[in-house]
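K.L.:
Got a structure for you, written out below as structure tokens; questions coming shortly.
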There are 2 protein chains.
Amino acid sequence: MNEQQLDTVFLALANSSRRQLMDLIAARPGCTLSQLLTEFDISRIGLMKHLQVLLDADLVIAHKQGRERPLYLNAVPLQLIHERWSEQYRDFWASQLTRLKYAVESQAVPAKITTKTKDKA
Amino acid sequence: MNEQQLDTVFLALANSSRRQLMDLIAARPGCTLSQLLTEFDISRIGLMKHLQVLLDADLVIAHKQGRERPLYLNAVPLQLIHERWSEQYRDFWASQLTRLKYAVESQAVPAKITTKTKDKA
DNA sequence: CCAATAAGTAACCATTAGGTTACTTATTTA
DNA sequence: TAAATAAGTAACCTAATGGTTACTTATTGG
């Protein structure tokens, strides 16, 4: 995956409606847009635009048949990113296990104390 | 991580300047924005805005000291996503190994043939 | 003290994202 | 064949992104 493709995939993932759409497609392979529409609060066209973003990112693949367009999740881009991170951050993560535990439990990262030592000017 | 946080993290990742910034900070912990500026083609303010996006996503943490602001990578959000994907897609990925190999080698996903059986109308 | 330096703010601009309604096309099926 | 249905296009709107220049603080070092 080149940088442009990474942009596209991450941007596609950066929206909860799209992530939900991915989840639904993963759970119901071959479903169509109209079938999924009831799960969302947005218009069909709005949802179709989200779908197009996922198609552009190759996160969903479509195989049009007649007037219907069955949808399938393609997890390959996710897997490629997953694998890259595994290599890239293995050591980093190993050394950060303590902080990770803390962050998971508290929903906050400890080191983010911006030490305002300038208060009195 | 809630949905809003996921939006923020993925959006932060969806830009190659920001990913490069993360990489540089990971490689040089404690560096400052000005030091990294030479690596980019954009203005300092432009880069600072990218940095702010990373800070908002908790992918970078800053600990201001005097007039400098040393920067550090925080890989925790990446690790959380990584772990979630591991659980969520383990079976899916296991069943898709063949397609994965193909996609990696050809830079394309095989199933994306949109079979235009409607040509003659 | 004062000049150099690191960072931060404000205001602006062009493009993209995320959504809408209205209309069109293609395919089934009663 | 005609109505119902699934999908697609066009045009529009608002807000957010990604960038700029000009100016302001705050801190440090000579």
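Here, each number is a calculation from the coordinates, and none is a lab measurement. Note that the structure is a prediction, hence the values are computed from the model and not measured. Reconstructed Cβ throughout: ideal geometry from the backbone, glycine too, with neighbour counts over all protein chains shown.
K.L.:
Here's a check for you: in the stretch B:63-77, which residue that is facing chain A (nearest Cβ under 7 Å) and buried (at least 20 other Cβ atoms within 10 Å of the Cβ) is nearest to DNA strand D (Cβ to nearest atom)?
P.N.:
Among those that are facing chain A (nearest Cβ under 7 Å) and buried (at least 20 other Cβ atoms within 10 Å of the Cβ), it is B:Asn74.
K.L.:
With respect to B:Gln5, is the statement that it is within 25 Å of A:Arg90 (Cβ to Cβ), of a type outside the set (A, V, I, L, M, F, W, C), within 15 Å of DNA strand D (Cβ to nearest atom) and surrounded by 13 or more Cβ atoms within 10 Å (Cβ to Cβ) true?
P.N.:
yes
K.L.:
Is it the case that some residue within the stretch A:44-58 is within 24 Å of B:Arg19 (Cα to Cα) and surrounded by fewer than 15 Cβ atoms within 10 Å (Cβ to Cβ)?
P.N.:
Checking the stretch A:44-58: at least one residue is within 24 Å of B:Arg19 (Cα to Cα) and surrounded by fewer than 15 Cβ atoms within 10 Å (Cβ to Cβ).
K.L.:
Another one. Just one of (1) free of Cβ contacts under 8 Å to residues at least 60 places away in the same chain; (2) over 24 Å from B:Arg67 (Cα atoms) trips up B:Met1, so point out which.
P.N.:
All conditions are met except number (1).
K.L.:
Another question, if that's okay. Across the stretch A:9-45, what is the total count of residues that are small (Gly, Ala, Ser) and free of Cβ contacts under 8 Å to residues at least 24 places away in the same chain?
P.N.:
Total meeting the criteria: 5.
K.L.:
Okay, moving on. Quick check on my filter: what residues within the stretch A:46-70 are of a type in the set (A, V, I, L, M) and either touching a residue at least 60 places away in the same chain (Cβ under 8 Å) or within 16 Å of DNA strand C (Cβ to nearest atom) (or both)?
P.N.:
Once the filter is applied, which keeps residues that are of a type in the set (A, V, I, L, M) and either touching a residue at least 60 places away in the same chain (Cβ under 8 Å) or within 16 Å of DNA strand C (Cβ to nearest atom) (or both), the stretch A:46-70 yields A:Leu47, A:Met48, A:Leu51, A:Val53, A:Leu54, A:Leu55, A:Ala57, A:Leu59, A:Val60, A:Ala62.
K.L.:
Another question, then. Determine whether B:Ser34 is assigned to a helix (DSSP H, G or I), hydroxyl-bearing (Ser, Thr, Tyr) and touching a Phe, Trp or Tyr at 6+ places or on another chain (Cβ under 9 Å).
P.N.:
no
K.L.:
Of all residues in the stretch B:16-37 being in contact with a His (Cβ under 7 Å, 6 or more places away or on another chain) and not basic (Lys, Arg), which is surrounded by the fewest Cβ atoms within 10 Å (Cβ to Cβ)?
P.N.:
B:Ser17
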